[in-house]
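Take a look at the structure below.
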Amino acid sequence: MTAPRTVTAAASPGPGPGPGPARRGWRAPSVIPGFGPTLGITLGYLGLVVLIPLAALVWRSTELGAAAFWDLARDPRTLAALRTSFGAALIAAGVNAVFGALVAWVLVRYRFAGRRLLDAVVDLPFALPTAVAGIALAALYGPQGWLGKPLAALGIQVAYAPAGIVVALVFVGLPFVVRTLQPVIAEIDREWEEAAASLGARRAQTVRRVIAPSLLPAWATGFALALARGVGEYGSVIFIAGNLPHVSEIAPLLIVIKLEEFNYPAATAVGVMMLSISFALLLVINLLQAWNRRRLTDAR
Amino acid sequence: MTHSPVARRSGGRRRTRRAVVGLILAAGTLMAPSLAGAPAAQAATPTLLNVSYDPTREFYRDVNAAFAEQWRAETGDRVRVQQSHGGSGKQARAVIDGLMADVVTLAVPVDIDAIAHHSGRIAADWRTRLPHGSAPYTSTIVFLVRADNPKEIADWDDLVRADVAVITPNPKTSGAARLNYLAAWAHALRRFDGDEARVRAFMSRLFANVPVLDTGARGSTTTFVRRGIGDVLLAWENEAHLALRELGADAFDIVRPARSILAEPTVAWVDGHVDARGTRALAQAYLRYLYSAEAQTLAARHFYRPARPEAVDWTRAERLPAMELFSVDAVFGSWSAAQATHFDDGGVFDQIYTPAGKGAR
Amino acid sequence: MPANPTAPQAPPPPTGEPPLVRAGLIAVAMAFLAAFLLMPLVSVFAEAFARGPAAFLAAIAEPDALAAIRLTLTVAAIAVPLNIVFGLAAAWAVTKFEFRGKALLVTLIDLPFSVSPVISGLIYVLLFGAGSALGPWLQGHGLQVLFALPGIVLATVFVTLPFVARELIPLMEAQGTAEEEAALTLGAGGWATFRRVTLPNVRFALLYGVLLCNARAMGEFGAVSVVSGHIRGVTNTMPLHVEILYNEYNFLAAFAVATLLALLALVTLAAKTALEWQRSQRRRAAGA
């Protein structure tokens, strides 16, 4: 296995000036080759596939004009839809962060009957078309469904209520947390845990002080990705949400409605709003991670 | 650095390489037929692309087979009609954005108007180019209720009762649902002698009874039939009959209100595309064929109301009960006027659904 | 994580939880997966096989279904390799070097995840549609991008772009650059270093990334639905075909094709399991 280096993250004890305050210019010098080609491929590909098309989106939304854009952004219905989408995605990402981490830990660390099956099932939300997922979940959590019926007896309505949106988003977001954490958990060196234990740390302390910090970056990434994916999800949600304006109408549905009216500028404007909020969320999480990395590096 | 064994690495590499080669070979085998097969099939027979809406799949499958047979008998040539189905508005947008449809057969005339208006690839006077306003078959809105009609739903007024849950798709995303809405509005307009405040109150109460707004007509059917939600489904007559046939004739009944709206699914060839592809004659022959005795009979068999009932072979199809039907133009002036007043952004439908307007007005 | 209640009596193994906690964690994980993943899967399978395996096979062997399967595999076979190359390049650039704007770059890589499928189809319509600046030129040259294979591939590439990079970056970050620097000091070239040092180290993360990328490429519905045109037997991918069948009230066939998609994802997982097993064998042989 690799050297006990997991916790030090990007600390680079090798030759050459390390990262951090010593950097000169916009990038720190390094002996490792390939910066130009790889960054070139990355930027070129990103530009062609992501940035130019998204620029077309932003460009089209400017046809609306600043005043109309602002009115749309303040429209109670837009706000309600954005709140529904972001609120449900936040709750779902939170659920996934807790249970997804648990699932990843159990799948990597323990051996038990059915482990391989469970491991395989985790990818399911990517493979199943979202519409199928929505149909299956609506059938399951609907008033006649296997789970919906007992829940209804308890007075809990899941399908065709905002809770249904959360269920669908937990489904689509789960693999992000599990699959981001799994390789990192597998990489944690047991020697560190043994060392902590031999130094008298109790298991809970080891988990908190040794394991959790090394999982934090991947965990945050998984949470961020699950959140981002949930915000934009459409296919599975429309089958289970109920889609009532102001109650269970999600922002992507609002875009579809604007498109039906041939109102491309308004549709793209709602898209740009969603995009900006998601981008800001992701950027904050990535900056926090970069900051965390530097903090760990400097502490050494 | 704790790891060193070079042998382990190179063994892994060899296996990795083998796996990669295998994957590429597998991908190649899979792609070969699709790359080689597609052009060959297209060169052999002329094709038409019919861009249609959701509920016409079964109907056009039969029509296309019959037309190909008749075309071959007449000209000796083969013809293959490709189908594209989806929500009517979404399909119109795809054609505007460049989907190379030879003919469009959509749910409501506004969708073809939109293509004509936004792309200019259909002549503006398209409704006059074919008989019966380019509507070879029509339909209307009826109620699908649970078996034996336990809630005793008979007419539009029953839909606003407090104990009735109504299922309809969202008029903002579904062309079919716009007719549901307009039919209810027209009923209320007549009932309240044109008192618009009371008509709005009626519509607010009606939509307060809707627990789920699916985005499309078939989604609503599923919600009603498979999920068991709601007491009555507002549906196109042909859809209601199809649901009855496919999903259980014992479990549901069709209730026809005293008066309902005339649904006019319309058809047109796309001038800009048929000229570019050299398929104008074929496309026109195809659409004219929809008025033939055989196609009219097929329409009746699929529970549409044929434009030329006298041509239908009624031994092969079931006659639908006569109903008093009014057209959108008669009540609302025109489709585009109805669209602008009711369904555009901030229109009457949106007002019904503002939190303040809900129920209170 | 719950604290250890039985510590004084029986000291647990230093790097594991006591059996009771372990069983509890497994039970919670299983219950969670059952409610959110297994039961939907079971209900889909149950529908697909409601009338036995013969009906299932008949639904899949139908010509339109076969055309959809072929198209889906073709699209994945183009989109996945593109994103592997991109993912490796991006992960190398991001994790082996320190430069300004890195967080921004990573965020841009993540961005396609957060774009609604409705939008990720629409952007290509805005770019290549008949009403766009490029549209008339494309049409004049007889190039069909939208409502044909290129458009479907583009939308799929967009949706699946982050997967490989996103799996590699956290791991390569955790691994640091020391091993590569050591190899370079010993005189290995850059390419050789990548192949012999980096690639074996990240093999499993790469594999995860490819699996997820592939699964999502085959399963994507929303974005592809916008750019496909839904022409039966020509531009219908498997997920779109599922929708069509479902809308035809042909539930059995719809769920049969959906099941096949799930199985295709599971096949790639079997490959992963085999590789993992190989590695454990090798490690045992090497005595590590």
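The values are calculated or read from the model by the stated rules, or taken from the named source; none is laboratory data. Worth saying up front: this structure is predicted, and the values here are computed from it rather than measured. Neighbour counts are summed over all protein chains in view; Cβ atoms, including those assigned to glycine, are modelled from backbone coordinates with ideal geometry. Only protein heavy atoms, including side chains, enter the accessible area calculation; ligands, DNA and RNA are left aside. Shrake-Rupley method; radii C 1.70, N 1.55, O 1.52, S 1.80 Å.
For this structure, a couple of remarks:
- Reciprocal mean inverse distance between Cα atoms of region B:105-195 - Kirkwood radius, Å: 16.0 Å
- Most mobile of A:Ala186, A:Ala55, A:Ala28 in a GNM of chain A (Cα contacts under 10 Å): A:Ala28
- Pairwise centroid distance, computed over Cα atoms, of region C:156-231 with region C:90-127, Å: 14 Å
- For the segment B:221-233, counting C-beta atoms of other chains within 10 Å of every residue's C-beta and taking the mean gives 4.
- Amide H contacts under 5 Å for B:Val81, placed H, 5+ residues apart: B:Leu48
- Backbone N under 19 Å from the A:Leu51 label point (7 Å along Cα→Cβ), restricted to region C:108-152: C:108-115, C:123-124, C:127
- Calculated FRET value between A:Trp146 and C:Thr185, using beta carbons and R₀ = 51 Å, to 0.05: 0.25
- Along chain B, the longest continuous region that contains none of the GluC sites (Glu not before Pro) in a DSSP loop with at most 12 other C-beta atoms within 10 Å is B:153-317.
- Approximating the spin labels as points 7 Å out from Cα along Cα→Cβ, the B:Thr341-to-B:Glu246 distance works out to 3.4 nm.
- Structural size metrics of region C:163-213, computed from C-alpha coordinates, are Rg and Dmax of 11.6, 36 Å.
- Rounded to 10°, Cα long-axis angle of helix C:117-128 versus longest principal axis of chain C: 60 degrees
- Chains C and A together, accessible area buried on both sides, 1.4 angstrom probe, square angstrom: 10000 Å²
- Inter-part distance where region A:140-173 and region B:168-201 are each reduced to a Cα centre, Å: 31 Å
- Estimated 222 nm signal from helices in chain B, with DSSP H stretches of n ≥ 4 weighted -39500 (n - 2.57), rounded to 500: -14500 deg cm²/dmol
- Between B:Ala197 and B:Asp329, the FRET efficiency from the beta-carbon distance, with R0 = 25 Å, is close to 0.50.
- Estimated 222 nm signal from helices in chain C, with DSSP H stretches of n ≥ 4 weighted -39500 (n - 2.57), rounded to 500: -23000 deg cm²/dmol
- Net charge dipole size for the protein assembly as shown [Lys, Arg +1 and Asp, Glu -1 on Cβ; Debye, nearest 20]: 4180 debye
- What a 1.4 Å probe finds exposed on the protein assembly as shown is 63% carbon and sulfur by accessible area, rounded to a whole percent.
- Distance between modelled label sites at C:Ala192 and C:Phe49, nm, 7 Å Cα→Cβ extension: 5.3 nm
- Mean Cα-pair separation over length for chain B, i.e. relative contact order, pairs under 8 Å, 6 or more apart, %: 21 percent
- Multiplying the residue separation of B:Thr315 and B:Arg288 by 0.36 nm and removing their Cα-Cα distance gives an extension gain of 7.4 nm.
- Cα-based convex hull, chain B, per residue volume (Å³, whole number): 234 Å³
- Here r is the Cβ-Cβ distance between A:Arg209 and B:Asp163 and R0 is 60 Å; the resulting FRET efficiency, rounded to 0.05, is 0.45.
- Largest first, the three principal axis extents of the alpha carbons in chain C are 71, 53, 36 Å in whole numbers.
- Within a Gaussian network of chain A (alpha carbon springs, distance under 10 Å), most fluctuating of A:Leu259, A:Leu43, A:Leu288: A:Leu43
- At the residue level, C:Met30 shows approximately 70 square angstrom of accessible surface with a 1.4 angstrom probe and all protein chains present.
- Its Kirkwood hydrodynamic radius, worked out from the mean inverse distance over all distinct Cα pairs, puts region B:79-141 at 12.5 Å.
- Mean projection area, nm², convex hull over Cα of chain A: 20.8 nm²
- Inter-part distance where region B:114-165 and region A:51-126 are each reduced to a Cα centre, Å: 37 Å
- Charged side chains reduced to their Cβ positions (Lys and Arg at +1, Asp and Glu at -1) give region B:194-277 a dipole of some 280 debye around its Cα centre.
- Coarse-grained scattering of region B:165-284 at q = 0.10, 0.16, 0.17, 0.20 Å⁻¹, given as base-10 log I(q)/I(0) from a Debye sum over alpha-carbon atoms: -0.42, -0.82, -0.88, -1.09
- Figure note: A:Met273, C:Met39 ranked by solvent-accessible area, largest first, 1.4 Å probe, ligands and nucleic acids not counted: C:Met39, A:Met273.
- Normalised by the number of residues in chain A, the mean separation of alpha-carbon contacts (under 8 Å, six or more apart) gives a relative contact order of 30 percent.
- Shown for chain A are the DSSP H helices of 27 Å or more along their axis, judged by Cα atoms, with a mean Kyte-Doolittle hydropathy of at least 0.0: A:76-109, A:162-187, A:212-232, A:264-299.
- Peptide B:73-84 has a mean of 2 when you count, residue by residue, the C-beta atoms of other protein chains within 10 Å of its C-beta.
- Computed with a 1.4 Å probe over protein heavy atoms only, the accessible surface of the protein assembly as shown comes to 37 Å² per residue.
- Toward the positive end of the charge dipole of region A:25-119, with +1 on the Cβ of Lys and Arg and -1 on the Cβ of Asp and Glu, the farthest Cα among A:Pro29, A:Phe99, A:Phe112 is that of A:Phe112.
- Estimated distance in nm for a label pair at C:Ala61 and A:Arg294, the labels positioned 7 Å out from Cα along Cα-to-Cβ: 6.4 nm
- Residue ranking by accessible heavy-atom surface, 1.4 Å probe, largest first, among C:Ile69, C:Ile169 comes out as C:Ile69, C:Ile169.
- Note on region C:64-287: dipole from Cβ charges, positive end direction compared against C:Thr177, C:Phe113, C:Ile152; the farthest Cα belongs to C:Thr177.
- Cα lying deepest toward the dipole's positive end in chain A, options A:Ala195, A:Pro175, A:Ser276, charges on Cβ: A:Ala195
- For the protein assembly as shown: span of alpha carbons on each principal axis (Å, largest first): 92, 61, 60
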